[in-house]
Ligand code: LLP
């Protein structure tokens with residue numbers, strides 16, 4: 001389902017006109033389609049079929065409580081990377097026994113809290129973390145369920161900043177030493193080995209690196225079984241990529257079918273941690289054109305959203321489509337525009353060289369902004385973070401208020417001397 005389509009020349013999300021949201025809520029505003037979020041989540045559930053396992057939504061992609069609550073009610077598990085994400089999931093009604101905790105730097109306090117609520121599994125990323133976890137679990141008289149995040153040294157062939165499965169990356173435990181690490185973890189009474197985990201990168205448009213990683217994990221699995229270590233699940237990490245522009249993507253169903261085939265008669269549940277594919281194309285960022293600035297070299301459209309609202313273009317040179325909410329008249333003059341924000345950085349752009357017919361006051365939608373959009377926003381230049389809206393059918397609701405100046409300075413004070 002594409003929830004964003006033009007009807008009578010006006011871009012809608014589900015049955016709501018985006019211009020109506022902009023009129024009532026202002027801009028910049030993130031808008032999410034409830035149905036689109038559910039649809040992709042369901043594709044993962046269907047791909048899993050009756051194979052045991054859990055689809056654990058990667059909270060980092062979009063952690064708005066409304067998004068988490070929607071997925072929790074649909075039965076999702078969650079992949080978290082911080083104590084903050086844990087509290088969000090619990091607040092949104094997520095079940096602790098469906099939470100897995102990833103990330104290289106879990107603090108003792110975060111570990112303690114996760115043990116207290118009883119999460120499903122810690123994805124452990126280093127020998128030191130095995131030790132911390134074992135100590136904290138022993139102190140709390142708990143047994144911590146663990147997977148080791150193994151770094152399979154597979155090239156995900158994605159942007160270097162979101163590639164995580166190579167030996168030069170900080171993530172995971174090298175596959176060559178993983179067996180030893182498992183033997184060590186298995187010897188500690190406050191840990192209980194459950195699974196093998198990996199995550200090789202994000203925005204993968206080809207499943208072959210994922211399948212290669214799966215092969216390496218299965219080889220490790222078989223060696224561990226020979227060592228008498230029982231493994232009950234394999235965690236495949238993040239989901240597949242999304243279409244930002246013209247990418248061709250493998251289907252989730254085919255990907256899972258191939259994984260299941262590789263399992264053969266091994267009795268392993270499948271965990272996966274998709275984020276981007278569930279949220280990206282369920283959301284847009286709405287922004288108004290404030291100024292048109294023509295120079296001898298370039299045409300700039302200065303909009304009211306900036307790199308503090310959507311960092312992906314500045315950080316990864318990411319390309320996201322930018323569409324007018326009201327389609328221009330057929331005879332309107334199309335020019336090439338750099339769509340830029342008001343922040344004092346040359347990296348503050350949302351798109352370069354976009355062919356559009358623009359006028360000041362126009363409303364634009366930056367597409368595919370539902371994942372790694374709002375969550376990566378900041379207050380740089382003392383800009384309040386955007387509002388967030390969720391749409392269902394013909395109804396919409398603000399699910400996060402626009403940040404006010406008072407919100408931004410909360411907790412700050414001048415030095416009293
Ligand atoms: N699991 C782990 C351990 C991860 O580190 C990630 C993403 C995921 C799952 C979810 O992967 P996904 O299904 O979303 O591909 N800010 C970047 C993306 C960073 C991804 C970080 N880890 C961007 O905007 O492209």
Taking the range 314-378 as the region of interest, what is the percent of Cα-Cα pairs per 5 angstrom bin, listed from the shortest bin to the one with the maximum distance?
3, 14, 25, 26, 17, 9, 4, 1
Computed over the chain: longest principal axis from alpha-carbon atoms vs helix 252-263 long axis, angle to nearest 10 degrees, is 10
Give the peptides 199-209, 134-144, 37-47 in descending order of average Cβ contacts within 10 Å, highest first.
199-209, 37-47, 134-144
Could you order the peptides 261-271, 75-85, 48-58 from most to least packed, using the average number of other C-beta atoms within 10 Å per residue?
75-85, 48-58, 261-271
In whole angstrom, note down how far apart the Cα centers of the range 220-284 and the range 339-417 are.
33
Could you work out the pair-distance distribution P(r) of the chain from its alpha-carbon pairs, with 10 angstrom bin width and percents rounded to whole numbers?
5, 21, 29, 24, 14, 6, 1, 0
Which residues does a label at residue 7 reach in the range 360-392, if reach means a backbone N under 13 Å from a point 7 Å past the Cα toward the Cβ?
392
On the formula 1/(1 + (r/R0)^6), with r taken between the Cβ atoms of residue 344 and residue 170 and R0 of 35 Å, the FRET efficiency rounded to 0.05 is 0.65
By the Kirkwood definition, with r running over pairs of different Cα atoms, the range 103-272 has a hydrodynamic radius in Å of 16.5
Using a 10 Å cut-off around each Cβ, can you sort 67, 340 from fewest to most neighbouring Cβ atoms?
340, 67
So which residue, out of 31, 284, 243, gets the largest mean-square fluctuation from a GNM of the chain using Cα contacts under 10 Å as springs?
243
Over the chain, with a Gaussian network built from C-alpha contacts below 10 Å, which listed residue (66, 279, 329) shows the highest mean-square fluctuation?
329
Using a 7 Å offset from Cα along Cα-Cβ at residue 293, what residues in the range 1-34 end up with backbone N under 19 Å from the label point?
28
From DSSP H assignment alone, runs of 4+ in the chain each adding -39500 (n - 2.57), the sum over residues rounded to the nearest 500 puts [θ] at 222 nm at -8500 deg cm²/dmol
How far is helix 175-186 tilted off the main Cα axis of the chain, in degrees rounded to 10, range 0 to 90?
60
Computed over the chain: longest principal axis from alpha-carbon atoms vs helix 127-139 long axis, angle to nearest 10 degrees, is 80
Evaluate E = 1/(1 + (r/R0)^6) for residue 260 and residue 116, where r is the Cβ-Cβ distance and R0 equals 45 Å; express this FRET efficiency to the nearest 0.05.
0.80
Go through 100-112, 7-19, 369-381 and give me the packing order, highest mean Cβ count within 10 Å leading.
369-381, 100-112, 7-19
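Quick note: the coordinates plus some simple rules give every number you see, no bench work behind them. Keep in mind that what you see is a predicted model, and the values were worked out from it rather than measured. Cβ atoms come from the backbone with ideal geometry, glycine included; neighbour counts cover every protein chain shown.
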